[in-house]
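The values are calculated or read from the model by the stated rules, or taken from the named source; none is laboratory data. Bear in mind that the values here come from a model prediction, so they are computed numbers and not experimental data. Reconstructed Cβ throughout: ideal geometry from the backbone, glycine too, with neighbour counts over all protein chains shown.
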Amino acid sequence: LSREQLLSQVWGYDYAGETRTVDVHVAGLRKELRASNVMVETVWGIGYKLVGPPARAGSAR
């Protein structure tokens, strides 16, 4: 999701330039997820995505 999508869908307002709201919440989410096998990855120029552990060979989805 892009910064604009997060601001619109989560907080309900239009992107109006610089805001640290998304950065602060993503940092908190990363901290909470640190002990798990899931992480928030930044996709430069696009936004963010959740990344889980790699699938084991031979495992069914």
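Quick one: in the range 1-29, of everything that is outside any helix (DSSP H, G or I) and under 12 Å from the mean Cα position of the chain (by Cα), which residue is surrounded by the most Cβ atoms within 10 Å (Cβ to Cβ)?
Ranking the candidates gives Leu1 first.
Among the residues that make up the range 25-38, is at least one of them at pLDDT below 85 and out of contact with any Asp or Glu (no Cβ under 7 Å at 6 or more places or on another chain)?
no
Are there any pairs with C-beta distances below 9 angstrom linking a residue in the range 32-57 that is without any contact (Cβ under 8 Å) to a residue 40 or more places away in the chain and over 25 Å from Thr21 (Cβ atoms) to a residue that is loosely packed, with under 11 Cβ neighbours inside 10 Å and of a type in the set (D, E, K, R), with the two at least 6 apart or on different chains, and if so which?
Qualifying pairs under 9 Å: Ala55/Arg61.
Taking the range 40-58 on its own, how many of its residues are in contact with a Lys or Arg (Cβ under 7 Å, 6 or more places away or on another chain), at pLDDT 90 or above and not acidic (Asp, Glu)?
Residues in the range 40-58 being in contact with a Lys or Arg (Cβ under 7 Å, 6 or more places away or on another chain), at pLDDT 90 or above and not acidic (Asp, Glu): 2 in total.
Counting only residues that are part of a loop (DSSP other than H, G, I, E, B) and not polar (S, T, N, Q), which one in the range 30-44 is surrounded by the most Cβ atoms within 10 Å (Cβ to Cβ)?
Per the stated criteria, the residue is Val38.
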